[in-house]
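Here is the structure we will look at.
The values are calculated or read from the model by the stated rules, or taken from the named source; none is laboratory data. In this text, all values refer to a predicted model and were calculated from it rather than measured experimentally. Heads up, the Cβs are rebuilt from the backbone with ideal geometry, glycines too, and the neighbour counts pull from every protein chain shown. Please note that ligands, DNA and RNA were not included when accessible areas were found on the heavy atoms of the full protein model with its side chains. Shrake-Rupley method; radii C 1.70, N 1.55, O 1.52, S 1.80 Å.
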Amino acid sequence: MDHLSVRKDILGHVRRVVVKLGSSVVTTENGLDRKMMKNLAHDIHEMRNAGKEFIIVSSGAIAAGVRRLGLKEGARTIPQKQAAASIGQSRLMSAYDEAFGRYDIRVGQLLLTRDDLTHRQRYLNARNTLMTLLAWGVVPIINENDTVVVDEIKLGDNDNLSALVAVLASADLLITLTDIEGLMDCDPRVNCDACLIPVVEDITPELKGLAGGTSSGVGRGGMASKLEAASKARMSGVPMIITRGKVENVIVRTLSGELCGTLILPAKEKMSARKSWIRYNLRPEGALRVDSGAAKALTHGGKSLLPIGIIDVEGSFDDGAAVDVIDQNDNKIAVGLVNYSSEEMKRIVGRQTAEIDWVLGYRRYDEAIHADNLVVL
Ligand code: GLU
């Protein structure tokens, strides 16, 4: 199949779409880009009439706040960024409300933090809210809750957030609107013969090498973070299109299968939503070193990790925490949720399952990590 047919084929199955807008798309030098928002609302209105559902992940709070305050040097410190976001976020929502209001479409704001996506219950709550908004015909507009998170606990950039949202919402497509055409085969800033890569089947190291830093200076993401997001989305079965945002009818054209931007195909084998959550939303709090037999059983046999295969326990964690699984060559081979705390684990490493009872005085589980809670990398 040629790449346009591949595109049409994928787009033919799309119903729920996450659209991510970068700060450079949402703002101009003078503030929010209301013309772009009007165009976006028009397209979304049209596509909703064709049966599609939309969730927006929008950056631009900090940039809009900075422009509103007329801060010539931008927001530099963390408190300045947070304060700018608090001014910009409400302006951002009011502009979206106005743009979508023309089409009688209501919008709802969701401000998320990393914790909302890390805690399973909060994750599921966020999902329920999203699903309710969609069922009511509302367009949810999501951003990171910039005013309360500091760098250490930040999700980072909205590229990452949009991929996590696409998985959370079981979306069929993620469209990332940015300030360049898509993924190019060389840097367009230094080579005017740069050509658009229309379709990407896998995120290879070569492809990562092509991705530079942020292109416009506003917003946090660059092509590298878009590829990181793409790899999360595609592994979870969500295709992604990266394309220029400030183009007339970009959403209608993209969804109709026109050659807009780069299409990144989903992986052939899709990871379950739960495994995707374990792999991409959780931050490992420790590590288990395993022997070669256990490493093989995990990577080739799809087995659970038993205490007998563990050689060493690193870090301090509670039961239920995410940990890395490392082989004897120091390779990270899996990540999973542990059934025992680090203290308990240290006492049962290398033990037969039947020995857990008399070492600990109880045995909650046979496995250190059950196969259902283990993601092999
Ligand atoms: N959350 C930030 C904002 O709204 C943007 C983060 C990003 O650019 O990825 O300003």
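Straight-line reach only, C-alpha to C-alpha below 16 angstrom: list the aspartates and glutamates that LYS332 could link to, leaving out same-chain residues fewer than 8 apart. Reachable aspartates and glutamates: GLU285, ASP291, ASP312, GLU314, ASP324. Each helix, a run of at least 4 DSSP H residues, gives -39500 (n - 2.57); summed and divided by the residues of the chain, these come to -12000 deg cm²/dmol at 222 nm.
For the stretch 303-343, the convex hull drawn through the C-alpha positions has a volume of 77 cubic angstrom per residue. Once the C-beta distance of ASP291 and VAL376 is scaled by a Förster radius of 22 Å, the resulting FRET efficiency is 0.85 to the nearest 0.05. Placing a label point 7 Å from the Cα of ARG106 along the Cα-to-Cβ direction, the residues of the stretch 122-137 whose backbone N falls under 13 Å of that point are 132-137.
GLU98 sits with roughly 100 Å² accessible to a 1.4 Å probe, with DNA, RNA and ligands left out of the calculation. Using the Stokes-Einstein relation with a Kirkwood hydrodynamic radius computed over Cα pairs, the translational diffusion coefficient of the stretch 70-127 at 37 °C and a viscosity of 0.692 mPa s comes to 236 µm²/s. With the convex hull constructed from alpha-carbon coordinates only, the stretch 302-370 shows a mean projected area of 4.2 nm² over all directions.
How big is the shadow of the Cα convex hull of the chain, averaged over all directions, in nm²? Answer in nm², one decimal: 20.3. Solvent-accessible surface of protein heavy atoms, probed at 1.4 angstrom with all chains present, puts LYS268, LYS154, LYS246, LYS303 in the order LYS268, LYS303, LYS246, LYS154, largest first.
Summary value for the stretch 275-377: 33 percent relative contact order, contacts being C-alpha pairs under 8 angstrom separated by 6+ residues. Calculated on C-alpha atoms, the gyration radius of the stretch 46-103 divided by its Kirkwood radius gives an Rg/Rh of 1.15.
If you wrap the stretch 183-316 in the convex hull of its Cα atoms and look at it from every side, the mean projected area works out to 11.6 nm². Each residue was assigned an accessible area with a 1.4 Å probe, and for ARG68 the value is about 140 Å².
Other residues with beta-carbon under 12 Å from the beta-carbon of ASN30 carry, at +1 per Lys or Arg and -1 per Asp or Glu, a net charge of +2. Loop-located trypsin sites (Lys or Arg not before Pro) in the stretch 87-116 (DSSP state not H, G, I, E or B) with no more than 13 neighbouring Cβ atoms inside 10 Å: ARG102, ARG106. Checking the Cα-Cα distances for LYS8/LYS52; LYS8/LYS268; LYS38/LYS81; LYS72/LYS246; LYS232/LYS303; LYS8/LYS246 against a 21 Å cut-off, the pairs over it are LYS38/LYS81; LYS72/LYS246; LYS232/LYS303; LYS8/LYS246.
Length gained on full extension, SER86 to ARG16: 22.3 nm, using 0.36 nm per residue less the C-alpha separation.
With respect to the chain, whose longest principal axis is taken over its alpha-carbon atoms, helix 78-101 is tilted by about 60°. Working from label points 7 Å from Cα in the Cα-to-Cβ sense, the ASN30 to LYS72 distance is 2.0 nm.
Counting only alpha carbon atoms, the long axis of helix 292-301 and the longest principal axis of the chain meet at about 50°.
Specify the angular offset, from 0 to 90 degrees and rounded to the nearest 10, of the alpha carbon long axis of helix 120-135 from the longest principal axis of the alpha carbons in the chain. It is inclined by approximately 30 degrees.
The local environment of VAL57, defined by Cβ-Cβ distances under 11 Å, has a net charge of -2 under the rule Lys, Arg +1 and Asp, Glu -1. For the stretch 1-61, pairs of C-alpha atoms spaced more than 14 angstrom apart make up 65 percent of the total.
Return the Rg/Rh value of the stretch 1-141, two decimal places, where both radii are evaluated on C-alpha atoms and Rh is the Kirkwood radius. Across the stretch 1-141, the Cα-based Rg/Rh ratio is 1.02.
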